[in-house]
1. Please name all residue pairs, on different chains or six or more residues apart, with Cβ atoms under 8 Å, provided the first residue is in segment 245-257 and is under 17 Å from Val307 (Cα atoms) and the second residue is acidic (Asp, Glu).
2. Output the residues belonging to segment 119-134 that are open to solvent by 50 Å² or more (accessible area, probe 1.4 Å) and either of a type in the set (Gly, Ala, Ser) or farther than 26 Å from Phe323 by Cβ (or both).
3. In the list Ala46, Ala117, which residue meets the criterion of being modelled with pLDDT of 75 or more and more than 30 Å from Ala149 (Cα to Cα)?
4. Taking the condition of being of a type in the set (Asp, Glu) and touching a residue at least 60 places away in the same chain (Cβ under 8 Å), how many residues in segment 350-368 meet it?
5. Give me the pairs: first residue in segment 160-186 and within 14 Å of Leu342 (Cβ to Cβ), second residue among the polar types (S, T, N, Q) and modelled with pLDDT under 70, beta-carbon distance under 8 Å, and six or more apart or on different chains, which are they?
6. Any residue at all in segment 368-376 that is aromatic (Phe, Trp, Tyr), surrounded by 18 or more Cβ atoms within 10 Å (Cβ to Cβ) and at pLDDT below 90?
7. Have a look at Ala196, Ala225, Ala221, Ala251 and point out the one that is of a type in the set (Gly, Ala, Ser) and under 30 Å from Ile184 (Cα atoms).
8. Report every pair of residues separated by at least 6 positions or lying on different chains whose Cβ atoms are under 9 Å apart, first residue within segment 317-329 and under 19 Å from Arg357 (Cα atoms) and modelled with pLDDT under 80, second aliphatic (A, V, I, L, M) and in a loop (DSSP other than H, G, I, E, B).
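The values are calculated or read from the model by the stated rules, or taken from the named source; none is laboratory data. Every value quoted in this text rests on a predicted model; they were computed, and no experiment measured them. Because the Cβ atoms are built from the backbone with ideal geometry, glycine has one as well, and the counts that use them run over all protein chains shown. Surface accessibility is based on the protein's heavy atoms, side chains included, excluding ligands, DNA and RNA. Shrake-Rupley method; radii C 1.70, N 1.55, O 1.52, S 1.80 Å.
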Amino acid sequence: MNSIVARLIALAGVMIAITMAVGLIAYYGAAYFHLQVMMKHMPPEARQELAGLIAHGQQASPRYFALFERYGSGALDISDAGFILAIGITSIVAGGTVAVLLARRISQPIIAVAEAAAAVAAGDRSVRVAKGRVSGEVGTLIDSFNRMASDIEAYERERTVFTAGVTHELRTPLTILKGRLHGIADGMVPASAAEADRLLRQVEHLGRIVEDLKTLAHADAGELALDRRNLMVDDVLRVCVTDLRGGAVAAEVEFAEHYAGGKVHGDAVRLSQIFLNLLTNAIKHAPVGSRIQVSSRTDGHRAIIEVIDAGGGFAPQDAQRLFMPFWRSRADKVAGRPGSGLGLALAEKLAEAHGGRIVASNRQDRSGAIFRVELPLAQA
């Protein structure tokens, strides 16, 4: 009885039952009326005789029918047409009332969804439809709408954060460039090679942000071009660790490496971006004198790459926001750690483009974070 079709069938059944009940009630009512009118016009002796027959349950006796035929002819005051009209009107009123009530019960949740959709379209992203006891197709419709509204609300939040992040990250280098160039134009800043290098670094920073944004946009649209080849994931990971070893030494941390990964079918450049972003993030959060564990292994049909640091980890409420573009934790902001907030978001999108994923969790043995990359192994 949860589907609309079942409810409509039930409604039709109720209408049929109501019509039959009204017809039967009208039939027996008319018969009773006919009998009363007939007895009113009968002589007293015949009326007493008929009452006696009815009292003794002899309505099927020949004498009963003889009395009925003799005195019942023409006794009914309403015509056949009037009788039929009365039944029709009664059936329409009773059935129509029940139909309206049931139809309203069926349509109310659909109307509620339509009104909520109009509210979402008007800009209210927080509106939801209360499901109550509704189930079946209408219940599924309500669940789907509420999920859609939640997704739209989350998208709006992410878009706001994304827009604010883009504005912030572009404003700083542009402000520096504008100020220094104005200084050169006014003669306040010498147009030296050192100044040119300083401005070039800001331009390169802008270029990296623009390139990362382009990569994110292509990944979101499913249009990211990958130069896929069969390669050993350990080879790519070793190169990334080697490239960042100098930065780790400068930060007074060291890598603890263990390689036992397999062969994957992927883009070496894009995989390097994933690993470099995770390793850079680990160096940024690792305390002085600590070790960053870098490992790879196989698990069934997957290659597992883990980067584990000994930093402060992340707050449980931040777990869903770690991979949002331009999002940075309060701890990072307070500590003044550098970064645009695009690294983890870009790493996640690139892992998904390879058919894999990235999972973040806090360490259980001590403070620190674990970032695990799962990639499908290449087919033999």
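1. That search, which allows pairs on different chains as well, returns Ala248/Glu254.
2. Those that are open to solvent by 50 Å² or more (accessible area, probe 1.4 Å) and either of a type in the set (Gly, Ala, Ser) or farther than 26 Å from Phe323 by Cβ (or both): Ala121, Ala122, Asp124, Ser126, Ala130, Lys131, Gly132, Arg133.
3. Working: Ala117 fails: more than 30 Å from Ala149 (Cα to Cα).
So the residue among Ala46, Ala117 that is modelled with pLDDT of 75 or more and more than 30 Å from Ala149 (Cα to Cα) is Ala46.
4. 1
5. Gly165/Ser340; Glu169/Ser340
6. No.
7. Result: Ala196 is the single residue among Ala196, Ala225, Ala221, Ala251 that is of a type in the set (Gly, Ala, Ser) and under 30 Å from Ile184 (Cα atoms).
8. Pro325/Leu342
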